[in-house]
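Let me give you the structure first, and then I'll get to my questions.
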Amino acid sequence: MKKLSIKILGAIVVIIMLVQNTVVIAATQNDLNNINKQIEAKKDELNNIKEEKSDKLEEVEKLNTQISEYQKQIDELDIKISEMNSKLQEEKAKLEKAQEDFDKQEKLMEARLVATQEQGETSFLDVLLSSNGIMDFISKYYFVTELVSADTELLEDIKKQKEEIKQAKEKIEASKKELDTTKASKQGVTTQLRNAKNEKNAQVEQLSEEEKETQAELDKFEADKATIRKEIEEAAKKYQNNSKPTGGTSTKPGNPSASGFIRPIPGYSITCGWYGYAGHTGADYSGSNMYGKAVLAAKGGVVLTSTTKTGGIPNYGSDGNYVGSYSSYGEYIIIDHQDGTMTLYAHGKPGSRLVSKGQKVSQGQQIMSVGNTGNVRPRPTPSNPLGGTHLHVEVWVNGKPVNPANYIP
């Protein structure tokens, strides 16, 4: 009986311990579930923060595009204002000349009237009738005819000059009004530019350090693009002011597009086109095994620029070793086709440029090799040295970027 009681007591103790362990395990599981829920909540919070930061970076990029567009408008308005000022000065010079000619003719007419008054009431008929013979009559008749003709021309000149003066004054007034309107327009765009820059600065302050670094690179890229744009616009002016193109160099047999261009890298197609993302004013060719492929001149011409933008993004050789830092377009070339069109080739392989400024090139000639220098995605790294490999091509017509797909096959 005593042994049975001990067994029963032992069983009770075991049951109590099992119940306690079950309670502890259940409590621990509940705690674990709560912790997991908190972790998931934090993950969601972090994801939201990341998305928010990405949205802010995207907003900054949009503002960058706006700023670039405003600056472009201001540059164009500055050119227009300069041209209008020149036109206004020309019109003022014409007015001064017309006024000077008018004053001279008016003085001649005054002198003619004074002479007529001094002669009294003598008419041209009196002069003719006082002739001594037929030869004297003919001579006096000729003199009278010339005098009348001169007086008529003088009056016509005075009338014409008065009209020219009137028109010149009207043109000057119209030019002044147009100039004032253009200046007011520039002021409005300048205000929009300032507001966009202020908004951008406020957004940038909310970016992460990594995003700020990325944004700084984008800012430099935009500044470099603006410099290149001005260079191309200046070079294009000589064609805009000359109705006859100077003519490019010879074209190479092949399959050129209707505009006379050939594909700068055979066997590869456009993978990111005109405005494939904000501010993308060109076309990207990319594909497998592209690194180091020959980049060909899409059309013959003269090299306007052959240079490199250094500093910023590290580049690595195919072996993963560091070979230099690049920014913006990296290794790039601009060819002036001397017919109002130009092409730009960017992100070349380090040290691969084969042509220099001022050099003549023919269509299909190799100018550099495909690379990944400058502002490319994904960034090249030691473990992925070929990251971001592609060829960026731009086509410019009369100093303005256009969709390359409309020109290059």
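The values are calculated or read from the model by the stated rules, or taken from the named source; none is laboratory data. Predicted model only: the values in this text are computed from it and were never measured. Here the Cβ positions follow ideal geometry from the backbone for every residue, glycine too, while neighbour counts run over all protein chains shown. When the accessible area is computed, the model is the full protein with side chains, heavy atoms only, and any ligands, DNA or RNA have been set aside. Shrake-Rupley method; radii C 1.70, N 1.55, O 1.52, S 1.80 Å.
Please give, to one decimal in nm, the separation of the simple spin-label points placed at E170 and N201, each 7 Å out from Cα toward the Cβ.
If labels sit at E170 and N201, their model points lie 4.9 nm apart.
List every residue whose amide H lies under 5 Å from the amide H of C272, counting only residues 5 or more places away in sequence or on a different chain, with H placed 1.01 Å from N in the peptide plane.
Close amide H contacts, sequence-distant or interchain: D284.
Now for a different question. May I ask you to compute the full-extension gain from R194 to K177, defined as 0.36 nm times their residue separation minus their alpha-carbon distance, rounded to one decimal in nm?
3.6 nm
Give K72/K92; K80/K349; K166/K186; K177/K400; K197/K400; K171/K238 a once-over and call out the pairs whose C-alpha atoms are over 32 Å from each other.
K80/K349
Given the whole protein assembly as supplied and a 1.4 Å probe, what does the accessible area of F221 come to in Å², nearest 10?
30 Å²
Moving on to the next point. Taking the simple approach of a point 7 Å from Cα along Cα-to-Cβ for both S356 and K62, what is their distance in nm?
Rounded to a tenth, the inter-label distance reads 4.8 nm.
Describe numerically, in nm with one decimal, the distance between label points set 7 Å from Cα along Cα→Cβ at Q99 and at T307.
4.7 nm
Oh, and also: For R377, what accessible area in Å² do you get when you roll a 1.4 Å probe over the heavy atoms of the protein chains, rounding to the nearest 10?
130 Å²
If you count, for each residue, the other Cβ atoms within 10 Å and average over each peptide, how do 328-334, 211-217 line up from highest to lowest?
Taking the mean over residues of other Cβ atoms within 10 Å, the ranking is 328-334, 211-217.
Then there is this: Ignoring ligands, DNA and RNA, how do L77, L391 rank by accessible area with a 1.4 Å probe, largest first?
L77, L391
Ignoring ligands, DNA and RNA, what accessible area per residue does region 283-369 give at 1.4 Å, in Å²?
I get 34 Å² per residue for region 283-369.
If R0 is 41 Å, what FRET efficiency do you get for A405 and E163 from their C-beta distance, rounded to 0.05?
So the FRET efficiency works out to roughly 0.20.
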